[in-house]
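Data block below; observations after.
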Amino acid sequence: MKISELARLVGGIVEGNGDIEIKGLAGIESASPGELTFATDEENLSHAERSKASCILTNKTVKASKKPLIRVENPKLSFLIIYNTLNTPKVREAFRHPTAVVAESARLGKNVWIGPHVVIGDGVEIGDNVIIEPNSVVMKNCRIGSTCRIYPNVTLYANTVLGRNVILHSGVVIGADGFGYVRDKDKIYKFPQTGKAIVGDDVEIGANTTIDRGSMNDTMIGSGVKIDNLCQIAHNVKIGKNTIVAGHSGISGSTVIGDNSTIAGKVGIADNLTIGSNVIVGGGSSVIGDIRDGEVVWGFPARPIREMKRQLAVLSWMAKHFKVISRLLKPE
Amino acid sequence: MKISELARLVGGIVEGNGDIEIKGLAGIESASPGELTFATDEENLSHAERSKASCILTNKTVKASKKPLIRVENPKLSFLIIYNTLNTPKVREAFRHPTAVVAESARLGKNVWIGPHVVIGDGVEIGDNVIIEPNSVVMKNCRIGSTCRIYPNVTLYANTVLGRNVILHSGVVIGADGFGYVRDKDKIYKFPQTGKAIVGDDVEIGANTTIDRGSMNDTMIGSGVKIDNLCQIAHNVKIGKNTIVAGHSGISGSTVIGDNSTIAGKVGIADNLTIGSNVIVGGGSSVIGDIRDGEVVWGFPARPIREMKRQLAVLSWMAKHFKVISRLLKPE
Amino acid sequence: MKISELARLVGGIVEGNGDIEIKGLAGIESASPGELTFATDEENLSHAERSKASCILTNKTVKASKKPLIRVENPKLSFLIIYNTLNTPKVREAFRHPTAVVAESARLGKNVWIGPHVVIGDGVEIGDNVIIEPNSVVMKNCRIGSTCRIYPNVTLYANTVLGRNVILHSGVVIGADGFGYVRDKDKIYKFPQTGKAIVGDDVEIGANTTIDRGSMNDTMIGSGVKIDNLCQIAHNVKIGKNTIVAGHSGISGSTVIGDNSTIAGKVGIADNLTIGSNVIVGGGSSVIGDIRDGEVVWGFPARPIREMKRQLAVLSWMAKHFKVISRLLKPE
């Protein structure tokens, strides 16, 4: 497609020669002649100008360029729109590898693709256009919505429910027993874990992440939620719509998180808390109390980010002036 | 069973109509008419009263209720006892799926259930009533005690030993090489990891948790230990009986932990430490020194919890009054 | 071999009877008569003297012993050299288990060993002497260098590249999509993740560790890098040669780390940072800024380790003397 055609696709304004043909998209570092890249600020634009890209998708405020530009509101989003236009995922035809073990009572929709060594248990229901890659295991009575993609070596425990268009990366485990015990004298008894794990639509879950089933009630992952690799979602947790959880974060039992919140990487959230909507929890934080809607917290333990930063600054000041301070205060 | 019969089962006292039939057990949120739930305090009791449950198992001190109650010492434990009475796990008959690959030299006990695509190596010994779910791999010379349950996609490296009644959730890896190297000039050499990983009786290990084999000696997980999801137990670690390790916690090489200790979530413990019995390590802590029996620690780095809380309070006070403080101290 | 022969092998000096036959190597705790162990300091030497070992490999400065010694510069390295001399890994013959599913277009080198239920996709290239253990999945167009060893239940996504002599432990996932999204109003769009994950030579990657593919560019793991269990390496990260990353550490998107650095356990490093060579990041740290070559940092957030330790000491002092301090400062 020509630059001018791509510009029309994303409602952008061309600066420079709009007749050049674009053959593909690429990041700044790897762009070749004939490819389109994007730059969200002046610095990136400078990098992009030195690249081999033939056209740069950028925003409306940055400087002019010797390369042809397409100016848009949100270059990253426009890049994505162009990418998706040029790369429509091809639907796979119905397929079942002869080594897959599929229970007779399982009900499969149209165009379901089942790879080698997949195991599908009794009573499983699978929607249309679902792809289940090699060596994944779907235990009995799971329900998988349409257009889900399950990568290799995933495990879904019995009764797990996935909505539509869910992506599960390799090593994901959904529906394992939660960590629930009763201590009595010298013995630890396992408490029943009989709830389900229910995942909404348009959810993506990163490699080796674990989501436990509920103990008596259910664990619920809202639609649009994105969870990164190696996260742990404990039993009975409820996560609202479009909330994002970055790598290595863990949410303890029965905690409830609202919509559109952002949990950065390596965060731990204690059990039985209420975390609001539009909350941001900074990376590495340990959350031990409730968080109200819209709050931004950080730290060990997590507190309002301004407070945390101020405390760090005060401590640094104290350490710097400690000689004077300790003399002035001369305790005992 | 009638309420009065259930009460007898757990040594409880009925308050209200003991003749009502109970058909099942449920959490407060999901209880239906005819079901029994439990409440450990006044607040939960109020929730339970508003539920559809027909009977509430509760403790001896909370208020009376319009619903029938069974009063006991430990409602959660009694709930568990009733649950286990009503839900005796059915023993599976001996089974070997035709796609499983089992070495001829492997020795299997009675009623061993082996799912599709399981791989059992040479010289493996498996006790009675063991269940190995699909796609798990047991490498050569492992020994698995009776009544163990291994969920799908688990890996046991060669020579791993499991006691009786061990539960391994999906994605667990036991016996992988520890992280041991020798640096010499510009090269890093791998140090031999020839010990075993030995797991005691009644241990449960959460999804995607890893337990490394010993380097020269063995890694030992004591009986009754419960380890949550995504934990890392390094080479040569020894964990005593009935110790609990919550999600995302990691224990570094050669550290020894005593009995009945509780390691909360997202804790890191450095290598070569001695952690006592009945210790509690608060969530998110980084432990860099030994901990004596019975101590409760928390923080980065972990210190006695009172000290940690006091330091946090002092820092908060300093930051709040920093204007005055910085003027009074006027360093320089 | 005789003690004197072993000493010659590592350029060491014998103290005591060099004619004793050594049949094997062992750690101090587990050594039997006829075995050699090693001790790196006086304390370990005392332990080793009380062991059943028949000879101790130790350094040049520690005291004399009643047991025969071999004195060398680096006892651990010498132990390793002897170990490797006595334990040459046997090359496996070419093998393909009949249950493995190998694409016709895959190209395999000499002596490739492919276990049960392994899946190898279209266009995959595998070098000589590679071992792929049961139930691992290698998706299309991956390239695997010679002498790699892939343990069970590993997943390599399409286009992943491994150098020579790479060891991947069970549950490793390389090449999954990175965590990249564009938010627009109420919707979160998945950003294309079309780069590769490229791993150099002599790399070892621990159980259940995840390395994401690049988004537009590639994720690069340098030669000689060692990564422990349960680590997360995000999209576009670049790690230099011989850098070590311990368990539970996570490196966020596009961060670059130099050569020979040490990232201790449970460290989180934020995105888009530049971490130098020969850096040490202490355990549990959260890194939120660049780190220069050779720096040693620790803390939440990470700062120069001396500064961190001083601040901890000052805070402790303040808390200890808070009664006096708060009276002297009497704010308000």
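The values are calculated or read from the model by the stated rules, or taken from the named source; none is laboratory data. For clarity, every value in this text was computed on a predicted model and none was experimentally measured. Cβ sites come from the backbone with ideal geometry, for glycine too, and all protein chains shown count toward neighbours. When the accessible area is computed, the model is the full protein with side chains, heavy atoms only, and any ligands, DNA or RNA have been set aside. Shrake-Rupley method; radii C 1.70, N 1.55, O 1.52, S 1.80 Å.
Close amide-amide hydrogen proximity is noted between residue A:280 and A:262, A:295, A:296, A:297, each under 5 Å apart and 5 or more residues distant or on a separate chain (H modeled in the peptide plane; Pro and chain starts excluded).
Would you please classify the overall shape of the protein assembly as shown from the alpha carbon gyration tensor, given that a ≥ b ≥ c denote the square roots of the eigenvalues, rounded means a/c under 1.5, and beyond that prolate means a/b larger than b/c while oblate covers the rest?
Cα axes put the protein assembly as shown in the rounded bin.
Take residue A:97, move 7 Å from Cα toward the beta carbon, and the resulting point lies 1.3, 1.3 nm from the same point in each other copy, nearest first. Measuring only protein heavy atoms, the 1.4 Å probe finds residue A:293 accessible over about 110 Å². The residue list C:269, C:214, B:114 was ranked by how far each Cα lies along the charge dipole of the protein assembly as shown toward its positive end, using unit charges on Cβ atoms, and C:269 comes out on top.
When you filter the trypsin sites (Lys or Arg not before Pro) in the stretch C:273-314 for DSSP loop state and at most 14 other Cβ atoms inside 10 Å of their Cβ, you are left with C:292. Taking amide H positions as modeled 1.01 Å from N, with prolines and chain starts lacking one, the residues under 5 Å from residue B:257 and 5 or more places away or on another chain are B:238, B:239, B:240, B:275. Prolate is the label for the stretch B:1-151, because a/c, from the alpha-carbon gyration tensor with a ≥ b ≥ c as root eigenvalues, is 1.5 or above and a/b exceeds b/c. The aspartates and glutamates whose alpha-carbon is closer than 14 Å to the alpha-carbon of residue C:226, local same-chain residues fewer than 8 away aside, are B:177, B:186, C:201, C:202, C:204, C:259. Surface listing: A:245, B:161 arranged by accessible area from highest to lowest gives B:161, A:245, probe 1.4 Å. Centroid-to-centroid, using Cα positions, the stretch A:216-265 and the stretch A:170-214 are 13 Å apart. Label-point spacing at residue C:43 relative to the other copies reads 4.6, 4.6 nm, in ascending order, each point sitting 7 Å out from Cα along Cα→Cβ.
Going through the cross-link list B:185/B:241; A:190/C:196; B:330/C:309, which pairs have a Cα-Cα distance over 32 Å in this structure?
Checking Cα-Cα distances, B:185/B:241; A:190/C:196 exceed 32 Å.
The GluC sites (Glu not before Pro) found in the stretch A:42-150 that occupy coil by DSSP, while having at most 14 further C-beta atoms within 10 Å, are A:73, A:93, A:104.
For residue A:2, the residues whose modelled amide H falls within less than 5 Å of its own, excluding neighbours fewer than 5 places apart on the same chain, are A:22. Take residue A:13: with every protein chain present and a 1.4 Å probe, its accessible area is about 100 Å².
How large, in percent, is the carbon and sulfur part of the accessible surface of the stretch B:1-124 at a probe radius of 1.4 Å?
Carbon with sulfur: 50 percent of the solvent-accessible area.
Using the Cβ atoms and a cut-off under 9 Å, what net charge is assigned to the surroundings of residue A:168, where Lys and Arg are +1 and Asp and Glu are -1? Summing Lys/Arg as +1 and Asp/Glu as -1 gives 0. The phi-based Karplus calculation (6.51 cos²θ - 1.76 cosθ + 1.60; θ = phi - 60°) puts the 3J(HN,Hα) values of the stretch C:166-181 at 8, 10, 10, 7, 3, x, 5, 10, 10, x, 5, 4, x, 8, x, 9 Hz, whole numbers, x for Gly and Pro. Label sites at residue A:63 and residue A:83, each approximated as a point 7 angstrom past Cα along Cα to Cβ, lie 2.8 nm apart.
With Cβ to Cβ distances under 13 Å as the rule, what net charge do the other residues near residue A:21 carry (K, R +1; D, E -1)? Please list the in-between numbers first.
Details: positive: A:2, A:23; negative: A:5, A:19, A:35.
Around residue A:21, the charge tally is -1.
Projecting the Cα atoms of C:279, C:95, C:254 onto the charge dipole of the stretch C:95-306 (Cβ charges, centred on the Cα centre) puts C:254 farthest toward the positive pole.
Taking the Cα centre of the protein assembly as shown as reference, the dipole from Cβ charges on Lys and Arg (+1) and Asp and Glu (-1) amounts to some 2040 debye. Using a 1.4 angstrom probe on protein heavy atoms only, the contact between A and C buries about 4900 square angstrom of accessible area, both sides summed.
Between copies, the label points of residue B:313, set 7 Å from Cα on the Cα→Cβ line, lie 2.6, 2.6 nm apart, reported in increasing order to one decimal in nanometres.
Once label points are set 7 Å from the Cα along Cα→Cβ at both residue A:104 and residue C:5, what is their separation, rounded to one decimal in nm? Once both label points are built, they end up 6.5 nm from each other.
Applying 1/(1 + (r/R0)^6) with R0 = 56 Å to the Cβ-Cβ distance of residue B:185 and residue C:97 gives a FRET efficiency near 0.85. Taking a Cβ cut-off of under 14 Å around residue C:8, the surrounding Lys, Arg, Asp and Glu residues balance to a net charge of 0, with basic ones at +1 and acidic ones at -1.
What does the C-alpha gyration tensor say about the overall shape of the stretch C:95-306? Classify as rounded when a/c is under 1.5, otherwise prolate if a/b is larger than b/c, or oblate. Here the stretch C:95-306 falls in the prolate category.
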